[in-house]
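Inspection log for the structure reproduced underneath, given as structure tokens.
Where a number appears in this text, it was derived from the coordinates with a stated rule and is not lab data. Note that the structure is a prediction, hence the values are computed from the model and not measured. Cβ atoms come from the backbone with ideal geometry, glycine included; neighbour counts cover every protein chain shown.
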Amino acid sequence: MIILYDDRLIKREEANIDIEDRAYQFGDGIYEVIRVYHGIPFYLNEHLERFQKSADAIRLSLPYPMETLAQKLLDLARENQLEEGNLYLQLSRGTSPRSHAFPSDAKPLIIGYTQPDSRPLTALQNGVTAITDEDIRWLRCDIKSLNLLGAVLAKQKAVDHGAKEAILVRNGTVTEGSSTNIFMVKGQTLWTHPANHFILHGITRKITLQLAEYLGISVKLEPFSPSHLAEADEVFLTSTTMEVCPIVQIDGKAVGNGKPGPITRQLQKAFEKEIE
Ligand code: PDD
């Protein structure tokens, strides 16, 4: 496999990550996961804009211009002949003797690699199950930070319960999933948490909201409670890898009639058109 290491495309075996890399020791860095359909990165510019925003938020500078990075990612996908899958991109603050404050001598390190992966067709068709869990993450969930322990623990709890996703609840409101954004439908209205510091501003969330507007579906960008969620007619999650995916059961209880609902189906169809 060919990977991106700093500004070079090299073989994976040739990469050398230092034991004092700050991403490794502190989770001091940021990342993106970009979907590739038909060999083409999907919404690449939006992902790179978010990458830049995350970098700015943790006072980290990219080691070379964004235009160069965009080209390197296209080269990476081509070199690996990636038709369908994911591009993973990460920026670390670099390597320096271990000490919490920013080092003056470290050079930020970009790495990127590809993972072939097909679309989750069974989940998209039948829906998935979820549990609810307390949102114990920090207060800057809008930054796509490498510190993912809160997400890792929540996702593992879901897996332990035989579920696909953990829907996180903070101070009586549903924020998002451990690695997805959460939407619910009540009546004819679509609800999702507003894009503030309690959630990641998902690219798929944004595309879904644009599709909803285009389809004339009314949208409320307002927090809602777990009891509202329990009474929803439809619930779905969105993410780069899961697209628009129905949730048919939460905490062992069926959502609506236990089958993916009509508004979810409408949005899935519209999303599919985007990736054709
Ligand atoms: N997860 N919320 C969280 C906490 C996420 O980690 C993600 C993405 C999303 C959805 O964002 P987007 O639509 O831009 O993928 C929401 C990625 C895929 C991951 O960590 O693997």
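Note the angle between two axes, namely the Cα long axis of helix 149-160 and the longest principal axis of the Cα atoms of the chain, as a number of degrees from 0 to 90, rounded to the nearest 10.
Rounded to the nearest ten degrees, it is 50.
Can you give the direction-averaged projected area of the convex hull of the alpha-carbon atoms in the stretch 109-196, in nm²? Can you show the working numbers first?
Numbers: hull surface 32.1 nm².
One quarter of the hull surface, i.e. the mean projection, equals 8.0 nm².
To the nearest 20 debye, what charge dipole does the stretch 8-137 have about its Cα centre, counting +1 at the Cβ of each Lys and Arg and -1 at the Cβ of each Asp and Glu? Each step should come with its number before you reach the end.
Working: 15 positive and 20 negative charges, 42 e Å.
Computed charge dipole of the stretch 8-137: roughly 200 debye.
What is the diffusion coefficient of the chain in µm²/s, taking the Kirkwood radius over Cα pairs and the Stokes-Einstein relation at 25 °C with a viscosity of 0.890 mPa s?
Numbers: Rh = 19.6 Å.
Approximately 125 µm²/s, per Stokes-Einstein.
Regarding the stretch 148-276, what's the average projected area of the Cα-atom convex hull, expressed in nm²? Display every interim value, and only then the final one.
Details: hull surface 30.1 nm².
Mean shadow area of the hull around the Cα atoms is 7.5 nm².
How do Phe42, Phe102 line up, fewest other C-beta atoms within 10 Å first? Please list the in-between numbers first.
Numbers: Phe42 18, Phe102 14.
The most exposed by this proxy come first: Phe102, Phe42.
Using the Kirkwood radius built from alpha carbon pairs, what does the Stokes-Einstein equation give as D for the stretch 53-165 at 4 °C and 1.567 mPa s, in µm² per second? Spell out each step's value before the answer.
Values: Rh = 17.4 Å.
Answer, rounded: 75 µm²/s.
Compute the acute angle (0 to 90°) between the alpha-carbon long axis of helix 203-215 and the principal axis of greatest extent of the alpha-carbon atoms of the chain; round to the nearest 10°.
Between helix and principal axis, roughly 40 degrees.
Kindly provide the Kirkwood hydrodynamic radius of the stretch 2-115 in Å, to one decimal, from all pairs of distinct alpha carbon atoms. Spell out each step's value before the answer.
Values: mean 1/r = 0.0693 Å⁻¹.
Answer for the stretch 2-115: a Kirkwood hydrodynamic radius of 14.4 Å.
Using only Cα atoms, locate the centre of the stretch 48-64 and the centre of the stretch 223-270, then give the distance between them in Å, rounded to an integer.
33
Would you mind telling me the antiparallel percentage of the DSSP bridges in the stretch 121-275, rounded to 5? Please list the in-between numbers first.
Values: 19 of 30 bridges.
Roughly 65 percent of the DSSP beta bridges within the stretch 121-275 come out antiparallel.
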